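Take a look at the structure set out below.
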Amino acid sequence: MLKREGRMKLAKLPLEGRVALVTGGAKRIGRSIAEKLASEGADVVVNYASSQREAEKLASELRKLGRRALAVRADVSKKREVHHMMESVQREFGRLDILVNNAGTFFAADFDELTEEQWDRIMGTNLKSQFLCAQAATPLLKRSGRGHIINISSLGGLLPWPKYTHYCVSKAGVIMLTRCLARALAPEILVNSVAPGTIQFPDEVPDEEYIRRAPLHRTGRGSDIAEAVFYFASSDFVTGQILAVDGGRALT
């Protein structure tokens with residue numbers, strides 16, 4: 001608290017007055033990001049495709065923090081649904097300052113058995129969705145005067161994983177999309193990417209191989225990614241950067 005002219009005033013939160021949209025925000029990493037941005041003062045739009053109950057529960061919890069929060073369903077791999085989502089943001093909040101492209105999918109497939117449908121599905125969810133959301137959000141982000149796009153990529157976009165060729169290619173595409181957009185949308189919009197390593201939650205079996213190989217000897221937590229997203233969302237002199245949050249795993 002700050003004391004001024006005999007009165008006590010609350011210090012302004014870093015993201016107070018801003019609106020953030022988190023795609024795939026209902027669960028796991030997306031939820032952690034939404035909670036962090038709200039805790040720093042942002043109003044939050046929680047996008048979901050099928051996790052309606054979790055998204056609405058999260059939005060309700062964020063409202064209890066004193067934030068405006070809205071759960072919006074959209075398949076972000078489909079242009080029409082993305083545009084409808086942006087219209088909802090405009091109608092409800094009248095602005096958008098932060099877009100976090102978090103929605104994604106992950107599954108293993110041997111290369112010689114990888115189907116065209118699997119390839120198209122992962123490219124649509126992991127890469128096309130980020131292009132569509134960034135393009136649709138650009139007018140709102142430019143209007144805010146301090147727009148930020150944070151794309152969630154992956155350590156898999158930096159390292160080759162043979163059983164995840166489709167996934168690695170989609171996330172490598174996110175990394176290049178980030179760099180291209182940082183050039184194309186400057187100076188009005190800053191674009192960066194967080195590349196998580198293995199992130200695990202309390203109810204999941206520990207990835208012992210990852211823990212053994214990573215220099216910090218642990219997997220990541222949702223809060224590790226959320227802190228990195230917050231850094232980018234609150235920075236005004238960083239763009240086009242890829243931050244691996246992986247316990248040093250990219251070094252080994």
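Starting with the fewest neighbours, write out 33, 98 ranked by other beta-carbon atoms found within 10 Å of each beta-carbon.
98, 33
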What FRET efficiency would be calculated for the residue pair residue 92, residue 212, taking the C-beta separation as r and a Förster radius of 30 Å, to the nearest 0.05?
0.05
Please tell me which of these pairs span more than 21 angstrom C-alpha to C-alpha: 36/64; 36/57; 142/171; 27/57?
142/171
Out of segment 134-211, which GluC sites (Glu not before Pro) are coil in DSSP terms and have no more than 13 other C-beta atoms within 10 Å?
188, 204
What net charge is computed for the residues neighbouring residue 196, neighbours being all others with C-beta under 15 Å from the C-beta of residue 196, Lys and Arg scored +1, Asp and Glu -1?
+3
Residue order, fewest to most surrounding Cβ atoms within 10 angstrom, among 85, 176, 123:
176, 123, 85
Could you give the angle, 0 to 90 degrees to the nearest 10, between helix 222-234's Cα long axis and the longest principal axis of the Cα atoms of the chain?
50
Cα-based Rg and Dmax for the chain, in Å, come out at 18.2, 73
If I take R0 = 30 Å and measure r between the Cβ atoms of residue 146 and residue 65 in this structure, what FRET efficiency does the formula 1/(1 + (r/R0)^6) give, to the nearest 0.05?
0.85
Which residue, 35, 113, 227, tops the fluctuation ranking in a GNM of the chain built on C-alpha contacts under 10 Å?
113
For the chain, what does the helix formula give at 222 nm: sum of -39500 (n - 2.57) over DSSP H segments with n ≥ 4, over the residue count, nearest 500 deg cm²/dmol?
-13000 deg cm²/dmol
Count the net charge of all other residues whose Cβ sits under 9 Å from the Cβ of residue 146, scoring Lys and Arg as +1 and Asp and Glu as -1.
-2
Within the P(r) computed for segment 1-150, what percentage of the Cα pairs occupies the region above 18 Å?
58
Using the number of other C-beta atoms within 10 angstrom as an exposure proxy, rank 168, 133, 180 with the fewest first.
180, 168, 133
Compute the signed sum of charges (Lys and Arg +1, Asp and Glu -1) over the other residues within less than 14 Å, Cβ to Cβ, of residue 96.
+2
What nm value, rounded to one decimal, do you get for the distance between residue 39 and residue 13 when each label is placed 7 Å out toward the C-beta?
1.1
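Every number here is computed from the coordinates shown, using simple stated rules; none is lab data. Every value quoted in this text rests on a predicted model; they were computed, and no experiment measured them. Counting neighbours? That spans all protein chains shown, and the Cβs are built from the backbone with ideal geometry, glycine included.
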